[in-house]
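Peer 1: Sending over a structure as structure tokens; questions will come in a sec.
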Amino acid sequence: MKLHHLHVMKGTLLEERYRQGELTLMERDDYVGIVCDFLERLDPGVLVMRLVGDGGLNLVAPGWGTAKFDILNAIERELERRGTRQGSRVIDS
């Protein structure tokens, strides 16, 4: 499983729409919360390969998207705060 947030990259139609105010991006804390919600419901047997991408040098937005390890640490802290882990909300049928 690989996850990452939306990247607005230089020279794209998405960049044009972002600069024109036609696109609202997720805040970092919202992304962290959604990732944690997802992980709680993801079977613990599923290997997670990525939780965030960095966008590289052509990243226009979001500004928080360049701090990959900060985001990973925030996800870990949120799971700890919740007292939860991957698969903790999986319901066996």
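The values are calculated or read from the model by the stated rules, or taken from the named source; none is laboratory data. Source: prediction; values computed, not measured. Neighbour counts are summed over all protein chains in view; Cβ atoms, including those assigned to glycine, are modelled from backbone coordinates with ideal geometry.
Peer 1: Name the residues in the range 74-93 that are among the small types (Gly, Ala, Ser) and surrounded by 13 or more Cβ atoms within 10 Å (Cβ to Cβ), would you?
Peer 2: Residues satisfying the conditions are ALA74, GLY87, SER88.
Peer 1: Identify the single condition in (1) within 17 Å of the chain's Cα centre (by Cα); (2) among the hydroxyl-bearing types (Ser, Thr, Tyr); (3) part of a helix (DSSP H, G or I) that THR24 does not satisfy, given that it satisfies every other one.
Peer 2: Exception for THR24: condition (3).
Peer 1: Moving on. Suppose the filter is more than 26 Å from ARG77 (Cα to Cα) and of a type outside the set (Phe, Trp, Tyr); does ARG41 pass it?
Peer 2: Answer is no for this residue.
Peer 1: Counting only residues that are in contact (Cβ under 8 Å) with a residue 40 or more places away in the chain and over 11 Å from HIS7 (Cα atoms), how many does the range 46-69 have? Break it down into steps so the answer makes sense when it comes.
Peer 2: Residues of the range 46-69 in contact (Cβ under 8 Å) with a residue 40 or more places away in the chain: 46-53, 55, 58-62, 65.
Now drop any that are not over 11 Å from HIS7 (Cα atoms), which leaves 46-51.
Total satisfying the criteria: 6.
Peer 1: Just checking, how many residues over the range 34-93 are touching a helix residue (DSSP H, G or I) at 6+ places or on another chain (Cβ under 7 Å), assigned to a loop (DSSP other than H, G, I, E, B) and small (Gly, Ala, Ser)?
Peer 2: Selection size over the range 34-93: 2.
Peer 1: Just a yes or no: is a residue in the range 3-24 of a type in the set (Val, Ile, Thr), under 30 Å from ASP92 (Cα atoms) and modelled with pLDDT of 95 or more?
Peer 2: no
Peer 1: Mind telling me which of the residues ASP70, ASP43, ASP30 ends up being in contact with a Phe, Trp or Tyr (Cβ under 9 Å, 6 or more places away or on another chain) and exposed (fewer than 14 other Cβ atoms within 10 Å of the Cβ)?
Peer 2: None of the others qualify; the one that does is ASP70.
Peer 1: A further question on this structure: Do you know which residues across the range 11-27 are of a type outside the set (Phe, Trp, Tyr) and surrounded by 12 or more Cβ atoms within 10 Å (Cβ to Cβ)?
Peer 2: THR12, LEU14, GLU15, GLU16, ARG17, ARG19, LEU23, LEU25, MET26
Peer 1: Within the range 15-45, which residues are among the aliphatic types (A, V, I, L, M) and without any contact (Cβ under 8 Å) to a residue 12 or more places away in the chain?
Peer 2: ILE34
Residue-by-condition table, conditions (1) among the basic types (Lys, Arg); (2) modelled with pLDDT under 90; (3) closer than 22 Å to LEU13 by Cβ; (4) touching a His at 6+ places or on another chain (Cβ under 9 Å):
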site	(1), (2), (3), (4)
VAL52	no, no, no, yes
GLY56	no, yes, yes, yes
VAL60	no, no, yes, yes
GLY65	no, yes, yes, yes
PHE69	no, no, no, no
GLU76	no, no, no, no
LEU79	no, no, no, no
THR84	no, no, no, no
